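Please read the structure below before turning to the comments.
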Amino acid sequence: MHDMQVDKETILNILYQSDVRLTPQALIREIKSRVLVTSSAAKKIVRQLIDEQELSYHYLYGSTYVEKSFLKPVRITRHFVLTPPGFDTQSTPTDIDITIEPGISFGAGQHPTTQLCLAAIEFCFFEQQLIHLKPGLVGADIGTGSGVLAMAMCLSGLAACNAYEIDPVSINEAKKNIALNHLTKQINVVEDTMKECNSQVSIICANLRFPTLKTLSDMIWDSLTDHGIAILSGVREWETQALIACYSAKGFELAWQKHDKQWSGFVWIKKR
């Protein structure tokens, strides 16, 4: 992109920082207004980023959007890298590669709520080591979707994880991704909602909308061991205070909070 004298990161950030999905036409308009180039130059920039596999077209509900490409590895956090099948990775010793087949139900992990959960998992397992790894440590992922969060926890050291899902398409995709990562023996995909399991789970991940997280708060509390961890996402920024009030009232202690594109993610510790 040197011939255009436009910084690639500037263009990509226009897309990544948008609170809404951008159609090709909307992205071109944003580039024109922010970088002050002509329509033809803006179109050329988009085409070049598509050709370089930085961006790709994504079809959803009859419309076309431009999103981060998943035709090559995508780094989500310092440790987690999402990789399409069959790609030869050039990982660093600290990288955790998760192979994901982009699916029709939940994409490939690009959504801010998924990325917030991965950042929270990294915080718990590596940055603050809130999870003290030991044999037999069990976790749960409620509404697993593609299975990426259950896989991230197991690849970080969790012995086993139950991945709960009720959508048939997502169940199929999760099982496929789990097999691609050779985690079938560690991750059990449960075709149901999670039921209370009496202080048996050390960490629970729930990437769900606020009303559901509020409804599940008692079950999550009762299912966690003492000092167990609840990673929650799927909460809009304007719902944050209501979520904090709900989980604080149960006895949870807030250990981490982050926002991304008007979504919020949390790490809670069960305190007695």
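Candidates are the residues of segment 72-99 that are more than 14 Å from Phe126 (Cβ to Cβ) and among the polar types (S, T, N, Q); the one that is least open to solvent (accessible area, probe 1.4 Å) is Thr83. Residue under question is Ile142, and the condition is that it be farther than 14 Å from Ala206 by Cβ and β-branched (Val, Ile, Thr); does it hold? Against the criterion (farther than 14 Å from Ala206 by Cβ and β-branched (Val, Ile, Thr)), Ile142 does not qualify.
Would it be correct to say that Trp263 is at pLDDT below 95 and either at negative phi or surrounded by fewer than 19 Cβ atoms within 10 Å (Cβ to Cβ) (or both)? Considered against the rule, which asks whether it is at pLDDT below 95 and either at negative phi or surrounded by fewer than 19 Cβ atoms within 10 Å (Cβ to Cβ) (or both), Trp263 comes out as yes.
Taking segment 244-272 as the range and being more than 19 Å from Ala119 (Cα to Cα), touching a Lys or Arg at 6+ places or on another chain (Cβ under 8 Å) and not small (Gly, Ala, Ser) as the test, the residues that pass are Cys246, Phe252. The set of residues in segment 159-173 being modelled with pLDDT of 95 or more and open to solvent by less than 10 Å² (accessible area, probe 1.4 Å) consists of Cys161, Ala163.
Inside segment 133-177, can you point out the residues that are of a type in the set (Asp, Glu) and outside any helix (DSSP H, G or I)? Result: Asp141, Glu165, Asp167. Of the residues examined, Leu130 is one that is aliphatic (A, V, I, L, M), within 21 Å of His259 (Cβ to Cβ), modelled with pLDDT under 95 and more than 12 Å from the chain's Cα centre (by Cα). Only one entry of Leu133, Leu137, Leu155 meets the criterion of being out of contact with any strand residue (DSSP E or B) (no Cβ under 6 Å at 6 or more places or on another chain) and either of a type in the set (Val, Ile, Thr) or surrounded by fewer than 21 Cβ atoms within 10 Å (Cβ to Cβ) (or both), and that entry is Leu133. Assess whether Asn198 counts as being touching a Gly at 6+ places or on another chain (Cβ under 6 Å) and either farther than 22 Å from Met151 by Cβ or not assigned by the TED database to the domain that holds Val20 (or both). No; evaluated as a whole, the condition is false for this residue.
Segment 188-272 holds strands (runs of 3 or more DSSP E) entirely within its bounds, and those carrying 2 or more residues that are in contact (Cβ under 8 Å) with a residue 40 or more places away in the chain and of a type in the set (D, E, K, R) map to 252-260. Consider Arg47 carefully, then state whether it is loosely packed, with under 12 Cβ neighbours inside 10 Å and outside the structural domain of Ser146 (by the TED database). No.
A quick yes/no check of all residues on (1) farther than 21 Å from Thr83 by Cα; (2) under 18 Å from the mean Cα position of the chain (by Cα):
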residue	(1), (2)
Ala140	yes, yes
Ala152	no, yes
Glu165	yes, yes
Glu173	no, yes
His182	no, no
Thr193	yes, no
Ser199	yes, no
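The values are calculated or read from the model by the stated rules, or taken from the named source; none is laboratory data. Keep in mind that what you see is a predicted model, and the values were worked out from it rather than measured. Don't worry about glycine lacking a Cβ; one is built from the backbone with ideal geometry, like all the others, and counts go over all protein chains shown. Calculation scope for accessible area: heavy atoms of the full protein, side chains included, ligands and nucleic acids excluded. Shrake-Rupley method; radii C 1.70, N 1.55, O 1.52, S 1.80 Å.
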